[in-house]
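A short worksheet on the structure shown next.
The values are calculated or read from the model by the stated rules, or taken from the named source; none is laboratory data. On a predicted model such as this, the values are computed, not experimentally measured, just so you know. Using ideal geometry, Cβ is built from the backbone for each residue, glycine included, and neighbour counts are taken over all protein chains shown.
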Amino acid sequence: MTQGRTRVEVALPLPIHRTFSYEVHGEAPLPGTRVLVPFRRQERIGWVTADPPDPNVQSIKTVLGILDEVPSVTAELMELCRWMAEYYVAPLGIAIRASVPAVLSDVSRDYLSLTGLQAGVLSAREKRLLEWLSDRTGPQRVKMARKNLGIGSIWPEVRSLIASGYITHKTVTPPSPSVKTRRVVRIIRSLENLLERDQAFGRATRQREAFSFIEAAGNSVELARLTRHEGFSRGVLTALTKKGLVEVVDEEEIRDPFAGAPTGTAIRHTPTAAQQTALDALVSALDAQDPKPFLLQGVTGSGKTLVYIELLREALNRGRTAIVLVPEISLTPQTVSRFRAHFGDEVAVLHSGLSSGERYDAWRMLRRGERKIAVGARSALFAPLEDIGVIVVDEEHDSSYKQSEAPRYHARDLAVMRARAHGAVCVLGSATPSLETWHNSSVGKFSRLLLPERAGGGSLPSVRVIDLRAERKKEKTGSGPKARQETRGSGVLTSDLVDAIDVRIARSEQVILLLNRRGYSSFVQCRDCGEVEQCENCSISLTYHRVTQRLICHHCRFETIAPSRCSRCGSVDISFRGLGTEQVEQVTAETFPDARLARMDVDTTSGKWAHQRILERVGRGEIDILLGTQMIAKGLDFPRVTLVGVINADTGMHLPDFRASERTFQLLSQVAGRAGRSHLSGEVIIQTSLPEHYAVRAAVTHDFESFAARELSERESPIYPPHLRMINVVFSSPDQRLALRAAEEAASWVRAGLAQRARAGAPGQVELVGPAPAPIEKLHGRWRWHFFLRSESPRTLGTVARALVERQRLPAGDIRVALDRDPVALL
Ligand code: ADP
Ligand code: ZN
Ligand code: ZN
């Protein structure tokens, strides 16, 4: 009875490193088609792969439904996903899921219900989940529970509560993604002359009027407009329909939140000589076979955008399409309007701030070829475009291009891969390229194009360093802490910075102040016993937020009320230490009572366009001083900003991460780049306790190359990327000993394998470093141990990592392993 059935291989978005065989009635759907399949008593969405199915599978299950008419993943993107899965050592289904709009893989319709059983001994998190459920009536979505409770992963709790009978679980079949429609009346037979009209309408004037109205509106009008606003009755429209003149149809409506955004006027500057040289190289690459990727290294304000836009124009002229990636934080209506001004409705925007319906709409327009340019953050790299001519990655050094969960891909590196598949020109733009990209351009893998000067007439700002150690000495030898309270700036803003701000305010120019640490105080410490208040779930000190009077963990969002006594010894002598943006705001407001102030950090920008609204006020000149975290460092182009102050350059310098210096240099250079972007000249003041550090010194002189040279030599010993490749392997468990044991067992398994490889004379060396506790030893209630795999051979590194996830057996219990290849953060 198996006649008329075909086997297919299906990739499921589950953390299982294999695909599964199923049967379908009739012919196999094309690879990339979504199917609904039974899996471990649940229904799951998966994708048909191009792999031959395993003929040996015995009890084969049947596909429950085919969800796509046309494959939701094109053959080309399937290939990219396969590469991504392979390289990042992730399951294919997880890689595919990362590449499509969330609505297409929405399986999070898992519902939980209480059984009514009285709870016994439970963990704190299990208790919270049960309480949350009992506060509500009826089954609740797991996704909501996770959101409401602010718990990163809730499944361990769900599973253990199901096992002990306190709750039940049900998965509801996902509906097909909703398409928004509107009802329109459309002319299907035109009436060429008066005679035809008279024959059709006779004395039915309203019909004649309605018909003319629709004609005038471009042969199609929304039904509601005709009936409600124009007052045509249903009867009139029915008559027109009966006469075969019009039809009433449901037209797909496209949700586009940027549609109403101002498009700006398309100013076409004449390219500078440097811009023109870069452009010539890029355009000729567009017509070349398999062009090399480009690094477009242009100082802040050098006009990289103009180069992108003119290149896109050339690609479109050749009938090709394009992708522009920008860091999440820079994806504002302002940025979008710069592209819309030139390309209007050719542009589709993919943004995480969009609702999933809006994202899906943008995606479909690209898929149907109705939009030629995709602009978006990381995942826009997967825009379903055909014949791509250009892929731009702006601010290529930005760490938001790395996805922090599986498949942990780096969009910049995938951009290079995808461009290669299309023979497209890949442009990586930055004022402060990542050392990886810099290295690739130094060894000739990438071509380098330079924009050494600012384009709009401005010049790079002068940068001054204030040594905070010297300032503190002055304070001490001065008149003591009392004086400190009374000096303007309260020891947060040095007198030089205060003076510089005074000057700008007097001239009604604008100031940007950066401190890359939010909250009021980054830790709370007892003066008597030294205890620092820590998060319950993480080995992290809690940040004091004055606005809400709470202590908050910036990693897991655990919150508690700010204590008035020490939690260990009960002392009331508690100090709030470590400067945060809230405190800078307070001090700045006290120091400059007449200035109009805005603070921009995660806490003030939670709403959908909150970030944008603050920037609009700055743009309209309603703000004198904008202060904030790294959010304010990127991409802002405000001509009246003439002073940038860095409150403390050292906040990120001591992090146990080999990229700490690189990040500091990038941040300082980027924020400095906000000053003096017009004819008004700019100044930057950096307050630091490390004035001699090479990252600070290079930022002062705007000297990327000397920074890169020094940093490359720093990374020789101990050796770090870009001199080799590495994978961070992290084991985590609520049980500290289990995390350690898993890491140790895996490490010895790998070491044994490596020794065997070496004996067999296999090519490529891989080294294992560790295991050791991760820098943040406990996170979200899980203890973390890790080790590094490093190698000069990407291929061998991949082989070893894959063997580890596929063959090594983890100890029993709640233990997870995460592989992060080419990590951008090691915490
Ligand atoms: P980047 O992204 O390299 O920091 P932008 O692309 O934002 O720089 O350009 C900086 C400013 O210079 C913008 O205000 C832009 O309008 C202006 N600009 C760019 N190219 C030219 C040009 N060729 N002539 C005049 N102004 C230009
Ligand atoms: Zn925490
Ligand atoms: Zn104490």
For region 267-294, the count of residues that are among the small types (Gly, Ala, Ser) and either assigned to a loop (DSSP other than H, G, I, E, B) or within 16 Å of ligand 2 (Cβ to nearest atom) (or both) equals 1
Residue ID - nearest to ligand 2 (Cβ to nearest atom), chosen from residues in region 519-556 that are of a type in the set (D, E, K, R) and surrounded by fewer than 19 Cβ atoms within 10 Å (Cβ to Cβ):
536
Filter region 316-358 down to residues that are over 20 Å from residue 635 (Cα atoms), modelled with pLDDT of 85 or more and surrounded by fewer than 22 Cβ atoms within 10 Å (Cβ to Cβ), then give me how many there are.
9
Filtering region 72-101 down to residues that are within 16 Å of residue 379 (Cα to Cα), of a type in the set (Gly, Ala, Ser) and over 21 Å from the mean Cα position of the chain (by Cα) yields 72
All-but-one check, residue 195 against (1) surrounded by 12 or more Cβ atoms within 10 Å (Cβ to Cβ); (2) at pLDDT below 85; (3) more than 34 Å from the chain's Cα centre (by Cα), failing number (1)
If we scan region 44-51, do we find a residue that is part of a loop (DSSP other than H, G, I, E, B), in contact with a strand residue (DSSP E or B) (Cβ under 8 Å, 6 or more places away or on another chain), under 30 Å from residue 424 (Cβ atoms) and in contact (Cβ under 8 Å) with a residue 60 or more places away in the chain?
no
Filter region 485-529 down to the residues that are modelled with pLDDT under 90 and over 24 Å from residue 547 (Cβ atoms), then identify the one that is farthest from ligand 1 (Cβ to nearest atom).
486
Within region 687-714, can you find the residues that are in contact (Cβ under 8 Å) with a residue 12 or more places away in the chain, out of contact with any helix residue (DSSP H, G or I) (no Cβ under 8 Å at 6 or more places or on another chain) and hydroxyl-bearing (Ser, Thr, Tyr)?
701
When you look at residue 366, is it touching a helix residue (DSSP H, G or I) at 6+ places or on another chain (Cβ under 8 Å), within 23 Å of residue 71 (Cα to Cα) and more than 16 Å from ligand 1 (Cβ to nearest atom), yes or no?
no
Taking helices (runs of 4 or more DSSP H) that do not extend beyond region 66-153, which have at least 1 residues that are farther than 30 Å from residue 419 by Cβ and without any contact (Cβ under 8 Å) to a residue 60 or more places away in the chain?
124-134, 142-149
Strands (runs of 3 or more DSSP E) contained entirely in region 760-827, each with at least 2 residues that are over 23 Å from residue 557 (Cα atoms), touching a residue at least 60 places away in the same chain (Cβ under 8 Å) and not β-branched (Val, Ile, Thr)
782-791, 816-821
Spot the failing condition for residue 524; the list is (1) within 30 Å of residue 278 (Cβ to Cβ); (2) of a type in the set (A, V, I, L, M); (3) within 16 Å of ligand 3 (Cβ to nearest atom), and only one is missed.
(1)
Which residues, counting only those in region 371-395, are of a type in the set (Asp, Glu), part of a loop (DSSP other than H, G, I, E, B) and within 24 Å of residue 287 (Cα to Cα)?
386, 387
Long-range neighbours under 9 Å by Cβ, at least six apart or interchain, first residue touching a residue at least 60 places away in the same chain (Cβ under 8 Å) and within 16 Å of ligand 1 (Cβ to nearest atom) within region 301-324, second in a loop (DSSP other than H, G, I, E, B) and of a type in the set (Val, Ile, Thr):
302/272; 303/272; 306/272
How many residues are touching a residue at least 24 places away in the same chain (Cβ under 8 Å) and surrounded by 12 or more Cβ atoms within 10 Å (Cβ to Cβ) when one looks only at region 225-249?
13
